[in-house]
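Have a look at the structure below before the remarks.
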Amino acid sequence: MASITLRAAQKAYGDAPPVIRDVDLAIGEHEFCVFLGPSGCGKSTLLRVIAGLEDLSSGDLYIGDKRVNDIPSAQRSVAMVFQSYALFPHMTVYENMSFGLTLAKLPKAEIEQKVREAARILQLEELLQRKPKELSGGQRQRVAIGRAIVRRPGVFLFDEPLSNLDATLRSQTRVEIARLHRQFEQASVVYVTHDQVEAMTLADRIVLLHAGADTQRFGSIAQVGTPMELYHHPRNRFVAGFIGSPRMNFMPAQVVSLHDNGILVRLPATGETLLVAAQGNGVSPGQELTLGVRPEHMEIGQQGSHAITREVVLVERLGEQTYVHLDEPAGQPLVAKAPGDARIARGERLRVAIAPVCAYLFDGDGVALARTQVHGALAVAA
Ligand SMILES: Nc1ncnc2c1ncn2[C@@H]1O[C@H](COP(=O)(O)OP(=O)(O)OP(=O)(O)O)[C@@H](O)[C@H]1O
Ligand SMILES: [Mg+2]
């Protein structure tokens, strides 16, 4: 009984334009749902609405099949974990974890059993008598999670719980949270982050939110889907640019001709042409579009007709991989991924192949053109 449904949800503060607009969303029982988006897009606000710490301006919120708009937070069977831990400094770990249960007047033996169980799961057994100031950041965050676990809520709400931790601890705790979720059969999790690696690795589904003018124009939700759906089938340019690191390269492109297997475009800055496996419905020759290609799909040193030529302006070696920055006459340098030891130097001119199935086209509103269903090899147009 822990699904969450938002219908036509809207939230505005005072007379300002709504920070949450037109949200229709259903989060299933036991689903791990991640709210992802740039700073200020309304992730925390939406989470606080579900928690009952903020009211919706209009629309409906259901937990299970019960409308909870007017139900106080304490009666919603939700537990929230904040970025700032929000532990009581004068209480021990044990007291912090048992506090909510004591307030709820549970029998002492039952409280003890629940706290010990949570402490065991989170490996906090040795630390139960310590005060928060005697703990590391990661331990404090585990106490905050423990305080949520003991309540056995139907819904866990996490607001950037890992952002105060260092990189190693962050990835450890990330794995820990994924493991915890598998242990709680019926609980659903809503997890807020601006870190796309956390979103990609933890989420069953990601809800990517627009910010600023896009929220007002298109509504809060940019796209909802599994991590790989958002990666492979971004609905628009914002999603395409937000998911993936380094981000997708964008270049202006002009339609030359339409074919069964895709659209042939010309890059006005260089006169080069490329075939993109996209459908041409509503597209006409001469139309201006934006071409998008991910760094991992720019194949350096490949010959063939699906290639462009660019000068290397910067080589970033990361060990396992190399990011090759290429001069782009039409704007920002392009980034291509190459193997760590690739023999590439600044000033070189490189052929970079772009497979038609790996390229995307976006119209003047940033909306992605539908993809051509490709079976087998692509014929070369023109
Ligand atoms: N109490 C409030 N009064 C007025 N405006 C608010 C209030 N709380 C949040 N906002 C505004 O609502 C918008 C969304 O804020 P929110 O905290 O939900 O963003 P967020 O996506 O969580 O961002 P971040 O990643 O920085 O935490 C912001 O523009 C913020 O300034
Ligand atoms: Mg926030």
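The values are calculated or read from the model by the stated rules, or taken from the named source; none is laboratory data. This one's a predicted model, so the numbers in the text were calculated from it and none came from an experiment. Cβ placement follows ideal geometry from the backbone for every residue including glycine, while neighbour counts extend to all protein chains displayed. For the accessible areas, the whole protein counts, side chains as well, though only heavy atoms, and no ligand, DNA or RNA atoms are used. Shrake-Rupley method; radii C 1.70, N 1.55, O 1.52, S 1.80 Å.
I need the shape label for the range 35-115. Rule: rounded when a/c is under 1.5, else prolate if a/b > b/c, else oblate, with a, b, c from the alpha carbon gyration tensor. Show your work: numbers first, answer last.
Working: a/c = 3.01, a/b = 1.56, b/c = 1.94.
The shape class here is oblate.
Within the chain, what whole-number % of the accessible surface is contributed by carbon and sulfur, with the 1.4 Å probe and all protein chains included in the calculation? Before the final figure, lay out the partial values.
Numbers: 8790 of 17800 Å².
Carbon-and-sulfur percentage of accessible area, whole number: 49.
Measuring from label point to label point, each 7 Å out along Cα→Cβ, what is the THR270 to GLU134 span in nm?
For THR270 paired with GLU134, the spin-label model returns 6.3 nm.
Please compute the modelled spin-label separation between VAL357 and ALA86, points set 7 Å along Cα→Cβ, answer in nm with one decimal.
Simple spin-label model gives 4.8 nm for this pair.
Over the range 232-292, calculate the relative contact order: mean separation of alpha carbon pairs under 8 Å at least 6 apart, over the residue count, as a percent.
Values: 91 pairs, mean separation 20.1, N = 61.
For the range 232-292, the relative contact order is 33 percent.
Top mean-square fluctuation among ASN281, ASN69, ASN164, Gaussian network model of the chain, C-alpha springs under 10 Å?
Greatest mean-square fluctuation among the candidates belongs to ASN281.
Relative contact order of the range 160-271: what whole-number percent is it, with Cα pairs under 8 angstrom and at least 6 residues apart?
Details: 102 pairs, mean separation 15.0, N = 112.
Across the range 160-271, relative contact order equals 13 percent.
Please state the relative contact order of the chain as a whole percent: Cα pairs under 8 Å, 6+ residues apart?
After rounding, I find 15 percent.
Listed highest first by mean packing, meaning other Cβ atoms within 10 Å per residue, what order do 143-155, 327-339, 125-137 come in?
The most tightly packed comes first, giving 143-155, 327-339, 125-137.
Counting each DSSP H run of 4 or more residues in the chain as -39500 (n - 2.57), what helix-only mean residue ellipticity at 222 nm follows after dividing by all residues, to the nearest 500 deg cm²/dmol?
That calculation yields -7000 deg cm²/dmol at 222 nm.
So, in Å, what gap is there between the alpha-carbon centers of the range 231-285 and the range 304-332?
Here the two parts' Cα centres lie 18 Å apart.
For LYS43, give me every one of the lysines with a C-alpha distance below 25 angstrom, ignoring sequence neighbours fewer than eight places off in its own chain.
Excluding near neighbours in sequence, the set is LYS11, LYS66.
Counting Lys and Arg as +1 and Asp and Glu as -1, what is the net charge of the other residues whose Cβ lies under 11 Å from the Cβ of ARG205?
-3
How much area per residue is accessible in the range 67-152 when the probe is 1.4 Å and only protein heavy atoms are counted (Å²)?
That works out to 54 Å² for each residue.
Would you calculate the separation in nanometres between label points at SER163 and ALA370, each defined as 7 Å from the Cα along the Cα-to-beta-carbon direction?
3.9 nm
Show me, for the range 70-78, the HN-Hα J-couplings you get by feeding each phi into the Karplus relation (A = 6.51, B = -1.76, C = 1.60, θ = phi - 60°), rounded to Hz, glycine and proline as x.
9, 8, x, 3, 4, 9, 9, 6, 10
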